Ligand code: CA
């Protein structure tokens with residue numbers, strides 16, 4: 001699966017370069033524009049998973065770009081970068097449809113955390129994915145957009161919750177997802193509630209996709225921490 005596509009609109013090249021380098025290191029695909037007009041045109045052409053928008057641009061302003069994107073897409077998360085820390089300017093960006101803002105100068109570590117958080121949350125409120133979101137592992141193929149899976153046991157329809165959970169695992173293949181993260185990403189609930197629901201859900205995924213559900217190769221338990229998805233798994237746990 002290719003990484004999330006990010007539209008970056010930033011006219012200060014030294015900032016853009018650092019941002020692009022770090023996003024690409026994380027596996028994101030970045031389309032960069034220095035001006036809002038070109039960015040809006042690109043947005044018309046193809047979908048993005050996240051928009052990062054400088055507020056002060058030559059030509060039309062970041063606020064206008066934000067408004068334009070919102071007219072076309074009410075869901076894509078927008079992160080506004082602003083040199084001005086004044087409360088009024090932040091509020092203005094948020095009222096034009098930005099979801100979050102970061103004041104320059106910012107640390108790249110904080111920036112990446114913000115981006116990751118926004119992409120995770122957007123998975124929560126956006127049930128539809130792009131058409132090319134097909135994912136293969138083991139002898140299984142999963143189409144998150146159509147909510148269908150093809151396994152050695154047959155073809156399955158996936159529920160919204162199953163899709164959310166699979167997406168969380170696929171996006172962070174190989175990483176340990178702790179219980180709290182999974183509960184929040186899939187159910188949007190606080191970690192204290194219903195942890196058994198999560199375990200039952202994992203049992204279900206194993207029944208669908210594991211060659212031997214009792215001895216999982218893909219949806220692994222990480223004792224005391226959570227779960228980890230591996231695409232080419234061996235049952236080592
Ligand atoms: Ca600028």
Legend entry - Check on residue 102, surrounded by 20 or more Cβ atoms within 10 Å (Cβ to Cβ), within 14 Å of the ligand (Cβ to nearest atom) and over 15 Å from the mean Cα position of the chain (by Cα): no
Inset, instruction - Pairs only if they're at least six apart or on different chains, beta carbon under 7 angstrom, first in region 9-28 and touching a residue at least 60 places away in the same chain (Cβ under 8 Å) and closer than 19 Å to residue 56 by Cβ, second more than 16 Å from the ligand (Cβ to nearest atom) and assigned to a helix (DSSP H, G or I); list them, first residue then second. - result: 18/108
Legend entry - Whichever residue in region 42-72 is over 22 Å from residue 111 (Cβ atoms) and assigned to a loop (DSSP other than H, G, I, E, B) and, among such residues, is nearest to the ligand (Cβ to nearest atom): 58
Inset, instruction - Return yes when residue 79 is part of a strand (DSSP E or B), within 15 Å of the ligand (Cβ to nearest atom), modelled with pLDDT of 95 or more and closer than 28 Å to residue 173 by Cα and no when it is not. - result: no
Legend entry - All positions within region 24-39 that are modelled with pLDDT under 95 and either within 16 Å of the ligand (Cβ to nearest atom) or in a helix (DSSP H, G or I) (or both): 24, 25
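The values are calculated or read from the model by the stated rules, or taken from the named source; none is laboratory data. Nothing here was measured: the structure is a model prediction, and the numbers come from that model. Neighbour counts run over all protein chains shown; Cβ positions are idealised from the backbone, glycine included.
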